[in-house]
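Heads up: the structure comes next, in structure tokens.
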Amino acid sequence: MDLLHSIGVQTTCYLQENFMGFQDGFLFISAAADLRTTFFVFFPIWFHLKESVGIQLIWVAVIGDWLNLIFKWILFGQRPYWWVHETGFYGSTPPPVIQQFPITCETGPGSPSGHAMGSSGVYYVQGTALLAQLLPLQQNTLISRCLSGFLWAGFWAVQLGVCLSRVFLAAHFPHQVVAGVASGKYEIQHRDQTSTDVSGK
């Protein structure tokens with residue numbers, strides 16, 4: 001596990017050394033991916049536009065946050081900024097220097113990433129809701145495919161941005177953000193499947 005952590009620290013160092021000019025952007029993305037944005041921004045907008053989607057967003061945020069807390073209790077998971085100062089992995093060699101930011105030093109367990117898990121579920125709901133609203137309006141199959149491709153490309157671009165921001169800020173290791181995206185997407189897809197099965201009976 002220490003080897004995996006050391007690779008994650010090297011990734012953080014690489015991002016901080018080569019993309020420091022994007023610091024404000026990474027800080028913004030990380031703040032926007034916080035579930036508070038869902039409660040204070042996305043929920044009111046969607047509740048006004050389509051009440052059922054707004055309610056679904058709240059459920060996804062609440063259940064996803066609860067599941068994330070349980071996963072963190074079970075998996076625990078170190079955080080890069082603390083691990084690099086506490087580990088004996090580097091022996092007598094000086095450990096890599098990781099820069100600290102205002103939101104770097106979160107003290108709770110790190111696996112899986114709550115930001116990545118939350119944004120995955122929340123943006124998946126919004127993406128599918130937009131597709132459900134816009135695709136019936138398009139008679140042209142090519143336009144429908146392009147619209148669908150554009151929305152899902154946007155979804156994955158957001159997830160990539162969130163993952164890179166959390167690694168850049170030394171709040172998570174790369175494997176933790178990947179686990180967060182996967183578990184968030186699985187949670188909402190499993191919930192959709194369960195809802196479909198129940199409504200179909």
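The values are calculated or read from the model by the stated rules, or taken from the named source; none is laboratory data. Everything numeric here is computed off the predicted structure, so don't read it as measured data. Because the Cβ atoms are built from the backbone with ideal geometry, glycine has one as well, and the counts that use them run over all protein chains shown. Heads up: the accessible areas ignore ligands, DNA and RNA and are worked out on the full protein's heavy atoms, side chains in. Shrake-Rupley method; radii C 1.70, N 1.55, O 1.52, S 1.80 Å.
Look through 135, 130 and report the one residue that is touching a helix residue (DSSP H, G or I) at 6+ places or on another chain (Cβ under 7 Å), modelled with pLDDT of 85 or more and assigned to a helix (DSSP H, G or I). Explain how you work it out, then say what you get.
Details: 135 fails: modelled with pLDDT of 85 or more.
Answer to the check: 130.
Could we say that residue 121 is in a helix (DSSP H, G or I) and farther than 19 Å from residue 29 by Cβ here? Steps first, please.
Numbers: in a helix (DSSP H, G or I): yes; farther than 19 Å from residue 29 by Cβ: no.
So residue 121 fails the test.
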Taking segment 88-131, which residues are within 15 Å of residue 64 (Cα to Cα) and of a type in the set (A, V, I, L, M)? 116, 117, 122, 125
Failed criterion for residue 110 (all others in (1) over 14 Å from the mean Cα position of the chain (by Cα); (2) modelled with pLDDT under 90 hold): (1)
Any residue in segment 161-173 that is outside any helix (DSSP H, G or I), within 19 Å of residue 72 (Cα to Cα) and small (Gly, Ala, Ser)? yes
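On the given criteria, is residue 55 aliphatic (A, V, I, L, M), surrounded by 12 or more Cβ atoms within 10 Å (Cβ to Cβ) and not in a helix (DSSP H, G or I)? It would help to see each step written out before you state the result.
Working: aliphatic (A, V, I, L, M): yes; surrounded by 12 or more Cβ atoms within 10 Å (Cβ to Cβ): yes; not in a helix (DSSP H, G or I): no.
When the stated conditions are applied, residue 55 does not pass them.
Conditions tested, residue by residue: (1) under 30 Å from residue 82 (Cα atoms); (2) surrounded by fewer than 22 Cβ atoms within 10 Å (Cβ to Cβ); (3) in contact with a Ser or Thr (Cβ under 9 Å, 6 or more places away or on another chain).
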| site | (1), (2), (3) |
| --- | --- |
| 128 | no, yes, no |
| 140 | no, yes, no |
| 143 | no, yes, no |
| 149 | no, yes, no |
| 153 | no, yes, no |
| 160 | yes, yes, no |
| 167 | yes, no, yes |
| 170 | yes, no, yes |
| 177 | yes, no, yes |
Condition check: closer than 26 Å to residue 23 by Cα, part of a helix (DSSP H, G or I) and of a type in the set (D, E, K, R). Does residue 145 satisfy that? no
Please determine, by comparing only the residues of segment 20-39 that are open to solvent by 70 Å² or more (accessible area, probe 1.4 Å) and of a type outside the set (Lys, Arg), which one is nearest to residue 177 (Cα to Cα). 28
What pairs come up if the first residue lies in segment 76-92 and is more than 9 Å from residue 171 (Cα to Cα), the second is part of a loop (DSSP other than H, G, I, E, B) and aromatic (Phe, Trp, Tyr), and their beta carbons are under 9 Å apart, counting only those six or more places apart or on different chains? 77/173; 78/173; 83/89; 83/173; 84/90
If I ask for residues that are under 20 Å from residue 166 (Cα atoms), free of Cβ contacts under 8 Å to residues at least 24 places away in the same chain and more than 16 Å from the chain's Cα centre (by Cα), which ones from segment 23-58 would you list? 24
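What are the residues in segment 106-118 that are outside any loop (DSSP other than H, G, I, E, B) and either in contact with a Ser or Thr (Cβ under 8 Å, 6 or more places away or on another chain) or open to solvent by less than 10 Å² (accessible area, probe 1.4 Å) (or both), if any?
Here is the first cut: in segment 106-118, the residues outside any loop (DSSP other than H, G, I, E, B) are 114-118.
Of everything in segment 106-118, those that are outside any loop (DSSP other than H, G, I, E, B) and either in contact with a Ser or Thr (Cβ under 8 Å, 6 or more places away or on another chain) or open to solvent by less than 10 Å² (accessible area, probe 1.4 Å) (or both) turn out to be 115, 116, 117, 118.
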In segment 64-105, how many are surrounded by 15 or more Cβ atoms within 10 Å (Cβ to Cβ) and assigned to a helix (DSSP H, G or I)? 11
